[in-house]
Structures are given as structure tokens and as C-alpha cells.
1. Residues that are among the hydrophobic types (A, V, I, L, M, F, W, C), at least 3 per element: which helices (runs of 4 or more DSSP H) completely within the range 1-117 meet that?
2. Please list, ordered by first then second residue, the pairs with beta carbon atoms under 8 Å, 6 or more apart or interchain, first in the range 27-55 and closer than 16 Å to residue 97 by Cβ and among the charged types (D, E, K, R), second open to solvent by 30 Å² or more (accessible area, probe 1.4 Å) and part of a loop (DSSP other than H, G, I, E, B).
3. Among (1) buried (at least 18 other Cβ atoms within 10 Å of the Cβ); (2) acidic (Asp, Glu); (3) in contact with a strand residue (DSSP E or B) (Cβ under 7 Å, 6 or more places away or on another chain), where does residue 142 come up short?
4. Output the helices (runs of 4 or more DSSP H) that fall wholly within the range 150-211 and possess 3 or more residues being more than 14 Å from residue 231 (Cα to Cα) and in contact with a helix residue (DSSP H, G or I) (Cβ under 8 Å, 6 or more places away or on another chain), or say none.
5. Is it true that residue 220 is touching a Ser or Thr at 6+ places or on another chain (Cβ under 8 Å) and free of Cβ contacts under 8 Å to residues at least 24 places away in the same chain?
6. Can you name the residue in the range 76-110 that is among the aliphatic types (A, V, I, L, M) and either open to solvent by 70 Å² or more (accessible area, probe 1.4 Å) or under 15 Å from the mean Cα position of the chain (by Cα) (or both) and is also farthest from residue 31 (Cα to Cα) among such residues?
7. Can you tell me which of (1) out of contact with any strand residue (DSSP E or B) (no Cβ under 9 Å at 6 or more places or on another chain); (2) at pLDDT 95 or above is the one residue 102 doesn't meet?
8. Answer with yes or no whether residue 20 is under 18 Å from the mean Cα position of the chain (by Cα), closer than 16 Å to residue 123 by Cα and either open to solvent by 30 Å² or more (accessible area, probe 1.4 Å) or among the polar types (S, T, N, Q) (or both).
Amino acid sequence: MKDKEKIALFIDADNAPAAKIDIILSELARYGVVNIRKAYGNWKSPCIKPWEDVLHEYAIQPIQQFDLTKGKNATDIALVIDAMDILYTKDVDTICLVSSDCDFTPLVTRALADGKFVIGFGERKAPMAFVNSCSKFLYLDEIHNQDKSKQKSEAHIKCDTKLMNMLRQAVESSEDDDGWANLGPIGKHISNHASFDQRNYGFKKLSDLFASIDLFEMKQTNGSVTWVRDKKRIKPNRTV
């Protein structure tokens, strides 16, 4: 039996909501065990008092970093140095960054180059360069918040050209001669090429997202196996 994945969690306390820590750890538990848990910030600042209140409860190690120069965030540099050190000296499989700061994008790409799976957590304000660089990125103001935020409308989703192209390419990558593709390989294809997660659009399951878009049709076989087909790929019936 394979050992559980080892995860190193790095929190930019200046740019992440402490109220979401239970959601973050619950999500990470799906991937493995969070062996390393560190949060960075100037703990003398009242702005990160919410993080101070949850450190002991969740066994998170606080790393003190004074604001040595006004306008410069020394916290980011300290986090990056520690993360690089752990990449080279510790046996970890997954790196998790909790921040909405684009400055961590080079760290993500370096971790990916070392063969690590990188999970990002942040808010909607997170720059797309950081979001897209991660293996998976989850918006903290969306996940596990289905009751407070409604699913995005079909019109809104269809206007997202990048998302539509990604979904269509994923279906095409594993479709049969009739254009039908199994949902399992579709999800695997997407995870290999994007930081996408359907929960960022308000849907708990990938099948729910496809079902909400009239550009695709769906069917089930054997009671539970879901298939998807792009309606544009449907061949018209020929008459003689």
C-alpha cells in the first residue's frame, strides 16, 4: 500500500483569510498528510490577529518577519527561502501556498520543475498568473460556500471563452467515433493542463458544470458511468 502524500503548507498570513483554515486543511486531507505547516507574517501587527488565534488549534508554526522597510514585504522572501529549503532537504510530494499574491508565481514554477504538485488557495483578487501556474487553485470565497454564493449562470459561463475551449478540448481528447467521452478521462485531461476546479464556478461536481451548459449533451451507462459529447461534434443524419 502506497504511503500517503506528504504535504508542506505555507501561509502568507498578510494575504489570506484565517477564517478559511479549516476548509484548507479539509481539502488537503483529500491529497495526503500535511506534515509541515507554517504561517508567515509580522505577528506584532493587529492585521493578522485572526491567524494568531488559530495557530495552536491547527498546529501551525508561526514564522516572525518584521517589516524592515516600508513598502517592502519581507514576509514573501522569508516564505520563499523556507519553501526552497524544504524542496531540497525534505521528502515532500505536494506544496501548498495560501496567498493571493502574484510574487509567488516563480516559486510555483520552480516547484513544478522539481516534480511537485502545487495547490494554491486564494481569493478572487489573486492574479491569474499565480492562479494558472498552480497545478490546482481554489478560490476560498467560492469553495464550501454553495449556500451563500449561487452557481454562475449559463450565460456567464459560456462567455468564458478560455473555459469553453478547455472543456471542448478535454472532451475531444478522449472521445470515441461518435463523439462521446467518458467523464473520468475528461477530468484527468483537465487536471493535467490547468489549475481548474469546478467549485470555483459554484458546482460541486464536474458533471454538474457540464450539465449546466447547453453546448454539451450527456448520458449515463450502467447506471453511473457519465458520458459527455460536444453538440458541435454530432454528425448530422444523412438521407439518401
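The values are calculated or read from the model by the stated rules, or taken from the named source; none is laboratory data. As the structure is a prediction and not an experimental result, all values here were calculated from the model. Cβ sites come from the backbone with ideal geometry, for glycine too, and all protein chains shown count toward neighbours. Surface accessibility is based on the protein's heavy atoms, side chains included, excluding ligands, DNA and RNA. Shrake-Rupley method; radii C 1.70, N 1.55, O 1.52, S 1.80 Å.
1. Filter on the range 1-117 gives 21-28, 74-89, 105-113.
2. What qualifies is 37/58; 37/59.
3. So the condition that residue 142 fails would be (3).
4. 161-173, 183-193, 206-211
5. In short, yes.
6. Selected residue: 77.
7. Checking residue 102 against (1) out of contact with any strand residue (DSSP E or B) (no Cβ under 9 Å at 6 or more places or on another chain); (2) at pLDDT 95 or above, the one that fails is (2).
8. Yes, satisfied.
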